[in-house]
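For reference, the structure discussed in these notes is given below.
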Amino acid sequence: KQEVTQIPAALSVPEGENLVLNCSFTDSAIYNLQWFRQDPGKGLTSLLLIQSSQREQTSGRLNASLDKSSGRSTLYIAASQPGDSATYLCAVGTSGSRLTFGEGTQLTVNP
Amino acid sequence: NAGVTQTPKFRVLKTGQSMTLLCAQDMNHEYMYWYRQDPGMGLRLIHYSVGEGTTAKGEVPDGYNVSRLKKQNFLLGLESAAPSQTSVYFCASSNSGTKKEKLFFGSGTQLSVL
């Protein structure tokens with residue numbers, strides 16, 4: 001059974017800092033990996049989607065990498081801003097139409 | 001842009017009552033999903049649909065039923081609510097499943113079963 005772990009569970013940083021969020025998964029037989037953002041009381045917004053054949057994806061200040069063989073992905077956020085404060089979840093796509101989610105990292109960026 | 005709309009946003013039920021959660025998407029997506037989110041458990045797939053008239057079980061389907069009579073709508077039913085079904089429910093949709101496409105989520109329904 002696929003298991004997805006995100007460490008740390010919570011992170012607090014000062015504004016302007018570059019930071020890395022980590023995601024690990026137990027089964028490397030994945031189709032893709034997605035990073036989502038969830039604001040309090042809201043739904044999830046997909047940030048980046050990395051196919052299993054890709055190594056990384058970039059969108060603005062966000063860069064996500066994927067190392068399928070080691071079962072790891074990182075989300076790099078450059079020059080963090082208070083508006084980046086949210087919970088970030090990773091999810092791996094496996095057989096069928098299933099996504100297996102991690103529990104998320106709650107990020108707080110302090111002004 | 002409406003995207004994925006869920007109704008209601010909040011609901012309180014008594015044990016044994018029934019209710020239906022409605023999900024509507026205006027992006028002409030084929031695939032639709034129902035997830036529940038619980039502290040310490042993450043998001044778990046309840047049921048999903050790969051097109052109008054189809055449904056399939058996910059990871060935690062017991063106690064729930066679904067219907068996809070129209071392409072744009074995906075209904076989640078609780079026939080006899082139990083306290084264990086207290087959760088936040090999210091609907092999502094995508095054009096070609098989770099293999100290639102991003103998922104688009106609704107804003108969620110907070111359900112409490114007393």
When only the heavy atoms of the protein chains count and the probe is 1.4 Å, how do A:Thr58, A:Thr105 rank by accessible area, highest first? A:Thr58, A:Thr105
Contact order relative to length of chain B, as percent, for alpha carbon pairs under 8 angstrom and 6 or more apart: 36
For the pair A:Ser85/B:Thr5, report the inter-label distance in nm, with labels modelled 7 Å from Cα in the Cβ direction. 3.1
Label 7 Å along Cα→Cβ of B:Val50; the stretch A:73-111 residues with amide nitrogen under 17 Å? A:93-99
Over what distance in Å are the Cα centres of the stretch A:41-111 and the stretch B:20-41 separated? 20
For a quick check of understanding: with a 1.4 angstrom probe and all protein chains in place, what accessible area in square angstrom does B:Leu75 have, to the nearest ten? 60
Largest first, how would A:Glu56, B:Glu79 line up by accessible area (1.4 Å probe)? B:Glu79, A:Glu56
Taking a ≥ b ≥ c as the square roots of the eigenvalues of the Cα gyration tensor, with a/c under 1.5 meaning rounded and otherwise prolate when a/b exceeds b/c and oblate if not, the protein assembly as shown is prolate
Solvent accessible area, Å² - B:Met27, 1.4 Å probe, full protein context: 60
Sorted from largest down, give the three principal axis spans of the alpha carbons of chain A, whole angstrom values. 42, 28, 20
Rank these by accessible area, largest first, 1.4 Å probe: B:Phe10, A:Phe36. B:Phe10, A:Phe36
For the pair B:Ser96/B:Lys57, report the inter-label distance in nm, with labels modelled 7 Å from Cα in the Cβ direction. 3.0
Give, in whole angstrom and from largest to smallest, the semi-axes √(5λ) of the equivalent ellipsoid of the stretch B:43-114, with λ running over the eigenvalues of the Cα gyration tensor. 22, 14, 11
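The values are calculated or read from the model by the stated rules, or taken from the named source; none is laboratory data. The structure displayed is predicted, hence computed values, not measured ones. Because the Cβ atoms are built from the backbone with ideal geometry, glycine has one as well, and the counts that use them run over all protein chains shown. What goes into the accessible areas is simple: the full protein's heavy atoms, side chains included, and nothing from ligands, DNA or RNA. Shrake-Rupley method; radii C 1.70, N 1.55, O 1.52, S 1.80 Å.
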